[in-house]
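Visitor: This is the structure I want to talk about, given as structure tokens.
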Number of protein chains: 2
Amino acid sequence: MGIENASSNKVYGGWQKQYTHPSNVLGCDMRFAIFLPPQAGNGTKVPVMYWLSGLTCTDENFMQKAGAFRLAAELGIAIVAPDTSPRGDHVPDDENEAYDFGKGAGFYVNATQEPWARNYRMYDYVTKELPSLIKDHFPVSDDAVISGHSMGGHGALMIALRNPGTFKSVTAFSPICNPINCPWGQKALGNYLGDDKSMWKAWDSSELMKSATAPDAQTPALVDQGDADGFLAEQLKPEVLEAAAKSSSYPLTVRMQDGYDHSYYFISSFIEDHIRFHAKHLGLS
Amino acid sequence: MGIENASSNKVYGGWQKQYTHPSNVLGCDMRFAIFLPPQAGNGTKVPVMYWLSGLTCTDENFMQKAGAFRLAAELGIAIVAPDTSPRGDHVPDDENEAYDFGKGAGFYVNATQEPWARNYRMYDYVTKELPSLIKDHFPVSDDAVISGHSMGGHGALMIALRNPGTFKSVTAFSPICNPINCPWGQKALGNYLGDDKSMWKAWDSSELMKSATAPDAQTPALVDQGDADGFLAEQLKPEVLEAAAKSSSYPLTVRMQDGYDHSYYFISSFIEDHIRFHAKHLGLS
């Protein structure tokens with residue numbers, strides 16, 4: 001499948017590039033961003049970190065604001081940031097263009113309900129089509145890790161839990177830990193998956209973590225959460241994820257960070273910790 | 001004079017905050033951003049780096065994209081980022097709202113021509129009103145340094161050259177080095193200062209540097225310039241600044257950086273070098 005370069009910026013000795021491509025899975029054209037560290041320049045295959053962004057974001061937010069390149073360049077880790085939903089004039093959107101559903105809010109699930117089922121298949125896009133595309137076009141090894149923020153933190157944890165062995169480690173900032181029990185999650189899952197709540201649990205990290213008891217079902221996980229995050233109590237619920245981890249002896253560390261909010265200022269403050277966590281599990285340090 | 005807090009985000013153990021205030025100098029309300037490192041939290045006075053942004057920017061670009069906080073927090077340096085022009089519905093703007101003149105393009109000069117002379121006095125704002133405001137409201141010492149990008153690189157160099165002894169060091173990314181001889185500069189200086197080109201030279205870093213021969217007129221200077229910057233040949237002209245420095249034995253280092261462009265990806269790649277350069281001249285390292 002073809003990809004087309006849309007932008008290139010040299011950064012920290014490597015390159016941040018955007019590409020567009022037709023997505024069969026999503027039925028629309030998509031754009032993603034990739035950071036290639038200097039080590040990839042000579043054809044060496046490098047490990048890759050997938051970054052899933054939050055509500056309203058695109059492939060650009062992390063690349064512009066996270067401050068991840070200094071350490072990723074030093075350690076030789078590529079970073080891939082997909083968009084957060086299908087895009088295009090023919091793709092259905094929330095009737096009020098709400099920020100928390102439809103475009104910019106794909107929630108990393110495969111929709112089963114009309115009119116969403118044709119395009120809103122971000123789970124298959126992020127777990128199958130995009131990694132295949134990345135391997136075909138860039139010098140990345142099979143060693144992958146995954147991270148995300150807010151809706152993307154839900155995505156990262158949920159995808160790691162549904163795909164044991166695929167990722168060496170998973171981290172999240174301010175993730176939506178229990179979407180079946182918060183307003184953002186209930187709106188999205190109800191619309192994408194329908195009213196039968198039993199169908200929602202397969203996409204809920206806290207539910208998945210409860211039953212991830214086998215050692216080979218457990219991907220080491222790190223979560224950072226700011227205690228001044230205005231969404232903490234109603235939407236994010238890290239305490240539910242922690243309880244799930246406790247019940248299944250899951251290797252999860254949740255760190256409450258004093259005074260931090262939900263913004264990229266928070267992410268940039270701890271992104272190097274997350275990259276070092278991944279580097280350890282990738283055997284880079 | 002009063003200032004009003006508009007936003008606060010904890011970052012790297014310190015705080016990024018925005019404030020609004022009425023500006024007497026500019027005749028309008030202004031917003032600036034300040035990063036306060038953790039060391040400022042206990043009342044210790046910290047040195048301050050002024051950052052002047054480029055065309056189209058506001059106080060936000062550097063704070064969101066530069067990746068400066070990791071090292072500024074470690075070394076204990078505050079950062080102040082003003083806006084790039086006067087603002088407000090009553091402030092005159094380019095008739096076509098061009099990106100390179102009027103709002104977002106104050107060029108850090110004091111305009112003498114109508115209708116610009118009342119509001120477009122960014123030089124006095126950045127060198128007098130804003131530093132006074134900062135000292136009144138924040139725990140900063142008298143130790144200051146100054147940096148900027150593109151139009152703001154011109155501003156940083158020009159302001160350091162016109163105010164010997166005020167800044168311990170000056171750095172710039174992709175500065176407009178010789179505005180009297182490039183299209184951006186000629187448009188701005190012609191409109192703000194009038195047709196008499198002899199009046200322009202007092203705002204041109206290359207002209208100022210030529211005559212800065214006395215040791216106490218020389219502020220150590222570092223310039224980084226990407227050689228893949230599309231504005232390099234026509235607008236930026238670092239070779240003119242280098243020639244001026246050679247003629248006056250000015251302590252200027254210009255580094256051409258292979259493959260880098262005009263973007264914040266470039267700035268973020270070398271901002272830590274600039275902060276370390278300042279730290280050395282501030283006696284911090």
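Visitor: From (1) of a type outside the set (V, I, T); (2) more than 15 Å from A:V109 (Cβ to Cβ); (3) crowded, with 17+ Cβ neighbours inside 10 Å, pick out the condition that doesn't hold for A:D136.
Guide: (3)
Visitor: Just one of A:S249, A:S269 is at positive phi, free of Cβ contacts under 8 Å to residues at least 60 places away in the same chain and among the polar types (S, T, N, Q); which is it?
Guide: Details: A:S269 fails: at positive phi.
One residue alone meets the criteria, A:S249.
Visitor: Would you say A:D273 is more than 10 Å from chain B (Cβ to nearest Cβ) and among the acidic types (D, E)?
Guide: Numbers: more than 10 Å from chain B (Cβ to nearest Cβ): yes; among the acidic types (D, E): yes.
It is true that A:D273 is more than 10 Å from chain B (Cβ to nearest Cβ) and among the acidic types (D, E).
Visitor: Here's another thing I want to ask about it. Report yes if B:L161 is within 22 Å of B:K280 (Cβ to Cβ), at pLDDT 95 or above, aliphatic (A, V, I, L, M) and not in a loop (DSSP other than H, G, I, E, B), otherwise no.
Guide: Working: within 22 Å of B:K280 (Cβ to Cβ): yes; at pLDDT 95 or above: yes; aliphatic (A, V, I, L, M): yes; not in a loop (DSSP other than H, G, I, E, B): yes.
So B:L161 fits the description; yes.
Visitor: Would you tally the residues in the range A:103-130 being in contact with a Phe, Trp or Tyr (Cβ under 8 Å, 6 or more places away or on another chain) and not polar (S, T, N, Q)? Steps first, answer last, please.
Guide: Start the filter on the range A:103-130 by keeping residues that are in contact with a Phe, Trp or Tyr (Cβ under 8 Å, 6 or more places away or on another chain), which leaves A:105-113, A:116, A:120, A:122-123, A:126, A:130.
Next cut, not polar (S, T, N, Q) only: A:105-109, A:111, A:116, A:120, A:122-123, A:126, A:130.
So the answer is 12.
Visitor: Give the residue that is surrounded by the most Cβ atoms within 10 Å (Cβ to Cβ), with candidates limited to residues of the range A:149-178 that are at positive phi and in contact with a helix residue (DSSP H, G or I) (Cβ under 7 Å, 6 or more places away or on another chain). Steps first, please.
Guide: So the first thing to find is which residues in the range A:149-178 are at positive phi, and the list is A:150, A:165, A:174.
Then keep just the ones that are in contact with a helix residue (DSSP H, G or I) (Cβ under 7 Å, 6 or more places away or on another chain); that gives A:165, A:174.
Details: A:G165: 9, A:S174: 30.
So the residue we want is A:S174.
Residues are listed down the side, and each one gets a yes or a no for (1) more than 15 Å from B:V109 (Cα to Cα); (2) not small (G, A, S):
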residue	(1), (2)
B:S150	no, no
B:G153	no, no
B:K168	yes, yes
B:A172	yes, no
B:C177	no, yes
B:K197	no, yes
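Visitor: I'm trying to understand the selection: among the residues of the range B:67-97, which are surrounded by fewer than 24 Cβ atoms within 10 Å (Cβ to Cβ), assigned to a loop (DSSP other than H, G, I, E, B) and touching a residue at least 60 places away in the same chain (Cβ under 8 Å)?
Guide: Passing the criteria: B:G76, B:G88, B:H90, B:V91.
Visitor: Is it the case that some residue within the range A:139-152 is part of a helix (DSSP H, G or I) and over 16 Å from the mean Cα position of the chain (by Cα)? Write out each step before concluding.
Guide: Initial filter on the range A:139-152 (part of a helix (DSSP H, G or I)): A:151-152.
This time we only want the ones that are over 16 Å from the mean Cα position of the chain (by Cα), so: none.
No: zero hits.
Visitor: Might you let me know whether the range A:23-34 holds any residue that is at negative phi, part of a strand (DSSP E or B) and among the charged types (D, E, K, R)? Quick ask: steps written out before the conclusion?
Guide: Our first condition is that a residue be at negative phi; within the range A:23-34, this holds for A:23-26, A:28-34.
Narrowing the set further to residues that are part of a strand (DSSP E or B) leaves A:23, A:28-34.
Checking the rest, the ones that are also among the charged types (D, E, K, R) come to A:29, A:31.
Yes, the range A:23-34 has at least one match.
Visitor: Only residues that are assigned to a loop (DSSP other than H, G, I, E, B) and either within 13 Å of another protein chain (Cβ to nearest Cβ) or touching a strand residue (DSSP E or B) at 6+ places or on another chain (Cβ under 7 Å) (or both): list them for the range B:225-240, please.
Guide: B:D227, B:A228, B:D229, B:G230
Visitor: Let me ask something else about it. Yes or no: the range A:113-126 includes at least one residue that is among the basic types (K, R) and in contact with a strand residue (DSSP E or B) (Cβ under 8 Å, 6 or more places away or on another chain). I'd like the intermediate steps shown before the answer.
Guide: Step one: filter the range A:113-126 for residues among the basic types (K, R), giving A:118, A:121.
Still in the running and in contact with a strand residue (DSSP E or B) (Cβ under 8 Å, 6 or more places away or on another chain): A:121.
Scanning the range A:113-126, I find at least one residue that is among the basic types (K, R) and in contact with a strand residue (DSSP E or B) (Cβ under 8 Å, 6 or more places away or on another chain), so the answer is yes.
Visitor: Only one of these conditions is not met by B:K10: (1) surrounded by fewer than 23 Cβ atoms within 10 Å (Cβ to Cβ); (2) farther than 25 Å from A:S269 by Cα. Which number is it?
Guide: Exception for B:K10: condition (2).
Visitor: Okay, moving on. Any residue that is within 26 Å of B:V11 (Cα to Cα), within 14 Å of chain B (Cβ to nearest Cβ) and not in a strand (DSSP E or B) - is there at least one of those in the range A:37-53?
Guide: yes
Visitor: Here's another thing I want to ask about it. Name the pairs: first residue in the range A:110-130 and small (G, A, S), second residue crowded, with 20+ Cβ neighbours inside 10 Å, Cβ to Cβ under 6 Å, at least 6 apart or on different chains?
Guide: A:A111/A:Y120; A:A111/A:Y192; A:A117/A:A111
Visitor: Any idea which residue in the range B:164-178 is nearest to B:T219 (Cα to Cα), counting only those that are in contact with a His (Cβ under 6 Å, 6 or more places away or on another chain) and not in a loop (DSSP other than H, G, I, E, B)?
Guide: Within the range B:164-178, the first condition is being in contact with a His (Cβ under 6 Å, 6 or more places away or on another chain), and the residues that meet it are B:168-169, B:171, B:173-176.
After this cut, where a residue has to be not in a loop (DSSP other than H, G, I, E, B) as well, the list is B:171, B:173.
Details: B:T171: 10, B:F173: 16 Å.
If we take residues in the range B:164-178 being in contact with a His (Cβ under 6 Å, 6 or more places away or on another chain) and not in a loop (DSSP other than H, G, I, E, B), then B:T171 is nearest to B:T219 (Cα to Cα).
Visitor: Quick one: which of B:K237, B:K210 is of a type in the set (K, R) and over 16 Å from B:I176 (Cβ atoms)? Give the steps one after another, and end with the answer.
Guide: Details: B:K237 fails: over 16 Å from B:I176 (Cβ atoms).
Result: B:K210 is the single residue among B:K237, B:K210 that is of a type in the set (K, R) and over 16 Å from B:I176 (Cβ atoms).
Visitor: Here is a follow-up. Hey, could you check the range A:212-224 for residues that are touching a helix residue (DSSP H, G or I) at 6+ places or on another chain (Cβ under 7 Å) and over 17 Å from A:Y260 (Cα atoms) and say which is farthest from the other protein chains (Cβ to nearest Cβ)? Quick ask: steps written out before the conclusion?
Guide: Narrowing the range A:212-224 to residues touching a helix residue (DSSP H, G or I) at 6+ places or on another chain (Cβ under 7 Å): A:212-213, A:219-224.
Filter once more, keeping what is over 17 Å from A:Y260 (Cα atoms): A:212-213, A:219-221.
Working: A:A212: 33, A:T213: 37, A:T219: 28, A:P220: 25, A:A221: 24 Å.
Among those residues, the one meeting the criterion is A:T213.
Visitor: Right, here's the next one. For residues that are without any contact (Cβ under 8 Å) to a residue 40 or more places away in the chain and assigned to a helix (DSSP H, G or I), scanning just the range A:202-224, find the one that is surrounded by the most Cβ atoms within 10 Å (Cβ to Cβ).
Guide: In this case the residue turns out to be A:S206.
Visitor: Name every residue in the range A:255-270 that is within 12 Å of chain B (Cβ to nearest Cβ), touching a helix residue (DSSP H, G or I) at 6+ places or on another chain (Cβ under 9 Å) and either more than 15 Å from A:G152 (Cα to Cα) or aromatic (F, W, Y) (or both), in order of residue number.
Guide: Matches in the range A:255-270: A:Q257, A:Y260, A:Y264, A:Y265, A:S268, A:S269.
Visitor: List pairs: first residue in the range B:1-13 and on the phi > 0 side of the Ramachandran plot and at the interface with another protein chain (Cβ under 7 Å from one of its Cβ atoms), second residue among the polar types (S, T, N, Q) and not in a strand (DSSP E or B) anywhere in the structure, Cβ distance under 7 angstrom, at least six positions apart or on different chains.
Guide: The qualifying pairs are B:Y12/A:S269.
Visitor: Kindly provide the set of residues from the range B:54-66 that are crowded, with 24+ Cβ neighbours inside 10 Å and either part of a strand (DSSP E or B) or more than 14 Å from every other protein chain (Cβ to nearest Cβ) (or both), ordered by number.
Guide: Once the filter is applied, which keeps residues that are crowded, with 24+ Cβ neighbours inside 10 Å and either part of a strand (DSSP E or B) or more than 14 Å from every other protein chain (Cβ to nearest Cβ) (or both), the range B:54-66 yields only B:G54.
Visitor: Out of the residues in the range B:26-66 that are under 20 Å from B:N110 (Cα atoms) and charged (D, E, K, R), which is farthest from the chain's Cα centre (by Cα)?
Guide: Within the range B:26-66, the subset under 20 Å from B:N110 (Cα atoms) is B:26-32, B:50-59.
Adding the requirement that they be charged (D, E, K, R) leaves B:29, B:31, B:59.
Details: B:D29: 19, B:R31: 15, B:D59: 11 Å.
Among those residues, the one meeting the criterion is B:D29.
The values are calculated or read from the model by the stated rules, or taken from the named source; none is laboratory data. Note that this is a predicted model, so its numbers are computed, not measured. Every residue, glycine among them, receives a Cβ derived from its backbone with ideal geometry; neighbour counts consider all protein chains shown.
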